[in-house]
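Chemist: Starting off with a structure, shown below.
The values are calculated or read from the model by the stated rules, or taken from the named source; none is laboratory data. Worth saying up front: this structure is predicted, and the values here are computed from it rather than measured. As a convention, Cβ positions derive from the backbone with ideal geometry for all residues, glycine included, and neighbour counts pool all protein chains shown.
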Amino acid sequence: MSQSNVTKLVQPGTFSDLLTDILRDGARTLLAQAVEAEVAAFTAKHVDLKTEDGHQRIVRHGHLPEREIMTGIGPVAVRQPRVRDRATDGDDVSRIQFTPAILPPYARRSRSLNVLLPVLYLKGISTGDFAQGCSTLTGGLGPIVSLSAVR
C-alpha cells in the first residue's frame, strides 16, 4: 500500500462543500430526468408519423454538447438530447422541431437568477443592504453574512 504525500491546494476564492456537491449532483440528475421525460413525451406524441419507407419520422439523435446552467446552488452541467425529423426535403411536409420548455436554447442562467441580479444590484448600490437579496438567494433563510460586520 503506497501513501501519497501530495496535498491538493485550494484555489483562492473557491471552496469545496460536500453538501453543495451532493445538491448539485442531485439537481443534475433530476434535470436530466426531466429533460429525458420531455423528449420522450415529444417523440411519443409524434409516434404515428412515418417516412415514405415506413420508418419513424421523429427520432432521438444523440445529445447536444454539455453546457452549464447557473442556478442558485451554482453551475449545473446538463446534456440535452437531440431530436431529428427524418422527413426528406422533397416532402411537402414542414419540418418538426423540438424546442424544450425546461432548457431554452440559449439559456445560461435560471430565471430566478435573472430576476435576482437586478434586485441585488439596485439594493446594494442604493442602500448597501444586501439582506433582501441574500434571503432571496438562500431561499428565505436570511442573510448569510452581515455586511455591517465586515466593514
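Chemist: PRO81 is checked against (1) over 24 Å from SER112 (Cβ atoms); (2) more than 16 Å from the chain's Cα centre (by Cα) and fails just one. What number does that condition carry?
Modeler: (2)
Chemist: Looking at ALA44 and the list (1) part of a helix (DSSP H, G or I); (2) exposed (fewer than 12 other Cβ atoms within 10 Å of the Cβ); (3) modelled with pLDDT under 70, which single condition is not satisfied?
Modeler: Condition not satisfied by ALA44: (3).
Chemist: I need the full set of residues from segment 58-71 which are in a strand (DSSP E or B) and closer than 30 Å to LEU117 by Cα, in order please.
Modeler: Scanning segment 58-71 gives ARG67, GLU68, ILE69, MET70, THR71.
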